[in-house]
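Input: a single structure, listed below in structure tokens.
Every read-out reported here was derived from the displayed coordinates using simple, explicitly stated rules and does not represent laboratory data. Because the structure is predicted, anything quoted here is derived from the model rather than measured. Heads up, the Cβs are rebuilt from the backbone with ideal geometry, glycines too, and the neighbour counts pull from every protein chain shown.
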Amino acid sequence: MTKDITIVGGGIIGIATAHTLLTRHPGLSVTVLEKEAGLSLHQTGRNSGVIHAGIYYAPGSLKAEFCRQGHAATLAYCTEFGIAHERPGKLVVATSPLELERLAALENRARQNGLDVRHVSSAELHELEPNITGLGAVLSPATGIADYPAMVRSMANQVVSSGGQILTGAEVSDIVEGSDGVQLTLADGREFKTSHLIACAGLNADRLASLCGLGDDFAIVPFKGEYFRLATRHNAIVNHLIYPVPDPALPFLGIHLTRMIGGHVTVGPNAVLSLAREGYGKLSLNLRDVASMAGFPGFWRVMRDNLHSGLAEAGNSTFRSRYLRACQRYCPSLELGDLLPYPSGIRAQAVMRDGSLVHDFLIRNTARTVHICNAPSPAATSAFPIADKIHRLAIKAFALKGAVSRV
Ligand SMILES: Cc1cc2nc3c(=O)[nH]c(=O)nc-3n(C[C@H](O)[C@H](O)[C@H](O)COP(=O)(O)OP(=O)(O)OC[C@H]3O[C@@H](n4cnc5c(N)ncnc54)[C@H](O)[C@@H]3O)c2cc1C
């Protein structure tokens, strides 16, 4: 079977990319291959559901630019196609003098990113959020929430009605790029020939990139985010999304209180090393994943450099009382019995060989393939601009216009 463009991965990035290609090039032959039985079963369906406004990201970075654009594009898409979304706004709450200092830097960064934010005093915080305490906060009124899996379903339907194909149960296990096309082998032995390949494989991004000679200097390190859900009687415990002030050295935002689509409130996620890329249970272990992590020098460096925060996170994960204390810093009325089980998610975080965490989105390409190597949060918010960037790369690298004229 020959296809013009094959996309690997049925998460929000793969489906948004298929959607963008078909919207801009009607008639282009696009196939999405997803290894699971359905779409959005990994990061896209196991996240906080937040439409980030873009407060945190380094000015000039892809994250800063794409998050701002993606915020608007996500809201526009949800409005146009009736996807559940809300704009409760977000408060980043400082609970110590050090966090107040960091909060000022964060507010400054948000302004540099062109966002509408304002400082909130401790007294005003109490008025806005009677159940939250802090020394001060930054309010981002634009931050929202969305049903990302519903958004993916909607885009996937549009892909199929525009002539695209989405195949589930199709795990790509080998890729051979040649001068006249790309040969794909699936885990069940089926073979595909495609002119061009776009890999949006999330937690397997490094493995697919390696098959194309692009992945030897980085590896995906999986960080589990464990959540709890508050009992229904706490559905109105907060009016906004409540976030702590993050450690600027880490790419994680800290345990937050999130009002979800559906009305319930989640607490989380923490960030603990996962011993399986796609194992969501507390004791999940995958020997292949552990062996590939242990054999990558950057993994040991990142563990060494973040030992203190890693141990603290592991403590929060092991002892629910410690997890609770992290939330009680800003929401003192919460009790142990309020924390009910909720599914966890696992972040695909790229780490370089020297142990540095890749903070920005990372996209690489060969003559016939494009690989999304690092697309952690806020990549759900940023899906449309990431897809647009892939489209621009595809026009350049694949001479996409030629591909279209051949259809
Ligand atoms: C705990 C957590 C909280 C988050 N919170 C937010 C948030 O509030 N807001 C936000 O904007 N972002 C958030 N994110 C980030 C966001 O969810 C991800 O950045 C985004 O979903 C990435 O989408 P993706 O399509 O790249 O990856 P995924 O959704 O993981 O999709 C990748 C797909 O590729 C498939 N695949 C992998 N290998 C193969 C193969 N060999 N063959 C075929 N298919 C393959 C997988 O099965 C999977 O379906 C969060 C992430 C986590 C984990």
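Amide H to amide H, with H built 1.01 Å from N, His85 comes under 5 Å of no residue 5 or more places away or on another chain. Modelled label positions at Glu177 and Ala58, each set 7 Å beyond Cα in the direction of Cβ, lie 2.6 nm from each other. For the peptides 114-123, 273-282, the ranking by packing is 273-282, 114-123, with the highest mean count of neighbouring Cβ atoms within 10 Å listed first. With no solvent and one point per C-alpha, what does the Debye sum give as log10 I(q)/I(0) for segment 246-369 at q = 0.11, 0.16 Å⁻¹? For segment 246-369, the Cα-only Debye profile gives -0.47, -0.94.
The C-alpha radius of gyration of segment 168-246, expressed as a fraction of 2.2 N^0.38 Å, stands at 1.76.
How big is the dipole moment of segment 1-130 about its Cα centre under a simple scheme where the beta carbon of each Lys and Arg is +1, that of each Asp and Glu is -1, and everything else is neutral? Debye, nearest 20, please. Before the final figure, lay out the partial values.
Working: 12 positive and 13 negative charges, 81 e Å.
For this selection, approximately 380 debye.
Dipole orientation for the chain: of the candidates Ala383, Leu336, Val358, Ala383 has the Cα lying most toward the positive pole (charges on Cβ; Lys, Arg +1; Asp, Glu -1). The fewest-to-most ranking of Leu393, Leu208 by surrounding Cβ atoms within 10 Å reads Leu393, Leu208. Relative to the longest principal axis of the Cα atoms of the chain, helix 383-397 runs at roughly 30 degrees.
Placing unit charges on the Cβ atoms of the charged side chains and taking the dipole of the chain about its Cα centre, the candidate lying farthest along the positive direction among Thr258, Gly181, Tyr77 is Gly181.
A Förster radius of 30 Å combined with the Cβ-Cβ distance from Leu393 to Val290 puts the calculated FRET efficiency at roughly 0.35. Each Lys and Arg adds +1 at its Cβ and each Asp and Glu adds -1 at its Cβ; summed about the Cα centre, the chain shows a dipole of about 220 debye.
Cα convex hull, the chain: 132 Å³ per residue, rounded to a whole number.
The string of couplings for segment 346-361 from the Karplus curve (6.51, -1.76, 1.60, θ = phi - 60°) is 10, 8, 8, 10, 6, 10, 7, 4, 7, x, 7, 6, 7, 7, 9, 5 Hz, one whole number per residue in order, with x for Gly and Pro. Less than 5 angstrom separates the built amide H of Arg229 from those of Val267, Leu340, Tyr342, all sequence-distant by 5 or more or on a different chain.
Along segment 52-62 the Karplus relation, 6.51 cos²θ - 1.76 cosθ + 1.60 evaluated at θ = phi - 60°, assigns HN-Hα couplings of 5, 8, x, 5, 7, 8, 4, x, x, 7, 4 Hz to successive residues, with x for each Gly and Pro. Which entries in the list Lys90/Lys282; Lys35/Lys282; Lys35/Lys90; Lys90/Lys224 go over 25 Å, if you measure between the two C-alpha atoms of each? Lys90/Lys282; Lys35/Lys90, as the Cα separations exceed 25 Å there.
Putting +1 on Lys and Arg Cβ atoms and -1 on Asp and Glu Cβ atoms, find which of Ala219, Leu273, Cys327 reaches farthest to the positive end of the dipole of the chain. Selected residue: Ala219. The sum of -39500 (n - 2.57) across all DSSP H runs of n ≥ 4, divided by the residue count of the chain, sets its helix-only mean residue ellipticity at 222 nm to -10500 deg cm²/dmol. Rounded to the nearest 20, the size of the Cβ-charge dipole of segment 74-126 about its Cα centre is 100 debye, with Lys and Arg at +1 and Asp and Glu at -1.
In order along segment 149-161, the phi-based Karplus estimate (6.51 cos²θ - 1.76 cosθ + 1.60, θ = phi - 60°) of 3J(HN,Hα) comes to x, 5, 5, 5, 4, 5, 5, 5, 4, 5, 4, 5, 6 Hz; Gly and Pro are listed as x.
Taking amide H positions as modeled 1.01 Å from N, with prolines and chain starts lacking one, the residues under 5 Å from Ile166 and 5 or more places away or on another chain are Val32. Relative protection proxy for 319-330, 65-76, 241-252, from highest mean packing down: 65-76, 241-252, 319-330 (other beta-carbon atoms within 10 angstrom).
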